[in-house]
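See structure below.
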Amino acid sequence: MEAQVDPTSREVAEAFLDDAAQKRKLLAFARGRFGIGSQDSEDLIQDTALELLRHSGTVHSPEGLVFAVFRARCVRFVSSHRRRGEVLREPFEEERPAGENPVGIEVRIALREALSEISSSCRRILSAYYIEGQSLNEAAHSMALASSGVFKTITRCLKRLRACLN
């Protein structure tokens, strides 16, 4: 029996650049979770590959490492835009046919009104988890909550938000 050898980070980077399916998943993640456009997402994928090439050593979970590095890149990207006061474009904007009015302006207005009706702590935790892309543990830490209760808190906040929208 031959023992399976973990790939090096260089091998992971090369495999990642050749894996179109994984790139599509990451592009969809960046667009859906952070609202990052396709061009910027492509740049983040290239940055991810470069960062993987800079790592040294073997990798026990290649897909996990790629996702973690890409997610961290997305968070840094969104944070830097926020610090500079820039607003990211609307998700799926480039897929809208030319000349068509932005879809969902009424929905965005209703969402903004509903967000103003829920508590500030609910707004902060929903923002940390859904907009900033923090994990449950990171959101718990930033809100000084117990990790075990964050999912229930987010669920409760979403119920309140849905109630405000109805």
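Brief remarks follow.
- Some residue of region 6-21 being open to solvent by 50 Å² or more (accessible area, probe 1.4 Å), under 22 Å from Q134 (Cβ atoms) and part of a helix (DSSP H, G or I): no
- Considered as a group, the residues in region 109-149 that are more than 20 Å from A72 (Cβ to Cβ) and of a type in the set (V, I, T) include one that is nearest to the chain's Cα centre (by Cα), and that residue is I125.
- In region 28-55, the residues that are more than 22 Å from E132 (Cβ to Cβ) form Cβ pairs under 8 Å with partners that are open to solvent by 50 Å² or more (accessible area, probe 1.4 Å), at six or more places apart or across chains, as follows: A49/L17; L52/R10; L53/R10.
- Residues being farther than 15 Å from L17 by Cα and at pLDDT 85 or above - total across region 55-77: 8
- If you filter region 104-134 down to residues that are of a type in the set (A, V, I, L, M), at pLDDT below 85 and under 17 Å from G35 (Cα atoms), you find that the one that is most open to solvent (accessible area, probe 1.4 Å) is V107.
- Taking the criterion of being surrounded by 13 or more Cβ atoms within 10 Å (Cβ to Cβ) and part of a helix (DSSP H, G or I), the residues of region 135-148 that qualify are L136, E138, A139, A140, H141, S142, M143, S147.
The values are calculated or read from the model by the stated rules, or taken from the named source; none is laboratory data. Since we're looking at a predicted model, the values are computed, not measured. When we count neighbours, we look across all protein chains shown, and the Cβ atoms used for this are built from the backbone with ideal geometry, even at glycine. Accessible surface is based on the protein model in full, side chains and every heavy atom, while ligands, DNA and RNA are left aside. Shrake-Rupley method; radii C 1.70, N 1.55, O 1.52, S 1.80 Å.
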